[in-house]
Amino acid sequence: MAENFRNKVVWITGGGSGIGAALAHEFGQQGARVVVSGRRLEPLAEVVAELKGKGAEAMALGCDVTKVGELELAVEAVVERFGGLDVAVANAGFSVGGRLEELHASEWRRQFDTNVTGAAMTLRYALPHLYASKGRAVVMGSVAGTLGVPGNSAYCASKFAVRGMAQALSAELAGSGVSCTLLQPGFVHSDINRVDNQNQVHEDWEDRRPAQLMWPADKAARQMLKAIAARKREAVITGHGKVATFLAYHTPGLTQAVLARAGERLRPKHHHEA
């Protein structure tokens with residue numbers, strides 16, 4: 001796998017923490033030149049310092065994926081610095097929590113603006129350079145893009161949308177030499193539970209997801225790199241994620257009954273607590 005990414009230029013949005021940071025480290029270990037971007041510069045700088053400390057070439061860029069101008073500038077900066085782009089990972093995202101009857105239209109718009117439109121525009125501006133390198137487009141989905149989890153209607157809807165977008169993009173890219181890989185992780189250690197419905201981070205918030213199912217981010221990242229290297233169209237990450245998606249596809253009635261019984265105990269984060 002190392003030969004797939006040695007000296008390749010990799011851009012990861014939302015690369016300052018969680019899965020994004022873990023992917024940056026894995027790509028760096030494989031000899032890639034890594035660019036991490038995000039809204040918060042301090043964690044990005046920490047990731048870059050760690051990568052450089054291990055001998056990898058790395059760069060941090062401030063970039064909010066909901067601002068198209070910033071995405072355009074980020075791509076230009078990557079290409080100017082490294083001469084091209086081989087892998088673009090649309091990873092930036094967050095979770096709006098709450099029952100549908102509780103959520104305002106502004107919260108739905110904020111959820112889709114980041115998770116769906118932000119991912120689409122990340123790849124839209126990366127694609128000209130990926131065509132040139134016959135590279136890889138990567139979209140961060142979720143097992144929540146297959147299961148409608150109570151108390152998470154907005155987040156699940158955004159990840160269902162991301163899944164459809166990735167499938168359409170894969171078909172659009174056929175014959176171009178560029179691949180699109182949709183990654184669908186289950187429960188993975190990240191900061192997603194510490195981000196409120198306004199997309200603000202709360203370091204003191206606890207992670208309420210089931211600890212016994214949680215995968216370390218580095219373990220998940222290693223599996224993700226294998227899928228990206230193999231140019232897979234879709235990859236479900238985590239054992240429980242594979243089981244959940246299998247049941248959702250093959251026993252939808254039973255899955256729905258289990259989710260209804262579990263109720264909002266499965267909701268992955270705080271909501272309406274800011």
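Bear in mind that the values in this text are calculations on the coordinates, not laboratory data. Bear in mind the structure is a predicted one, so any value in this text is a computation, not a measurement. Note: ideal-geometry Cβ built from the backbone for every residue, glycine included; neighbour counts use all protein chains shown.
Ordering of 177-185, 145-153 by packing is 177-185, 145-153, highest average first (other Cβ atoms within 10 Å, averaged per residue). Placing pseudo-labels 7 Å out from each Cα toward the beta carbon at His240 and Leu254 gives an inter-label distance of 1.9 nm.
Spacing of the modelled spin labels on Asp113 and Lys67, each 7 Å from Cα toward Cβ, amounts to 1.2 nm.
Estimated at 0.36 nm per residue, the fully extended path between Glu46 and Ala77 surpasses their Cα-Cα distance by 9.2 nm. Treating r as the C-beta distance of Asp218 and His104 and R0 as 51 Å, the FRET efficiency rounds to 0.90. Charge tally for Val87 (other residues, Cβ to Cβ under 9 Å; Lys, Arg +1; Asp, Glu -1): +1.
Peptides 224-231, 4-11 ranked from most to least packed by the mean count of surrounding Cβ atoms within 10 Å: 4-11, 224-231.
Checking the Cα-Cα distances for Lys159/Lys232; Lys52/Lys242; Lys67/Lys226 against a 26 Å cut-off, the pairs over it are Lys52/Lys242; Lys67/Lys226. Taken as Cα centroids, region 28-99 and region 146-178 sit 22 Å apart, rounded to the nearest whole angstrom. Could you tell me which of rounded, prolate or oblate describes region 36-98, using a ≥ b ≥ c as the square roots of the eigenvalues of the alpha-carbon gyration tensor, with rounded for a/c under 1.5 and, failing that, prolate when a/b is larger than b/c and oblate otherwise? Here region 36-98 falls in the oblate category.
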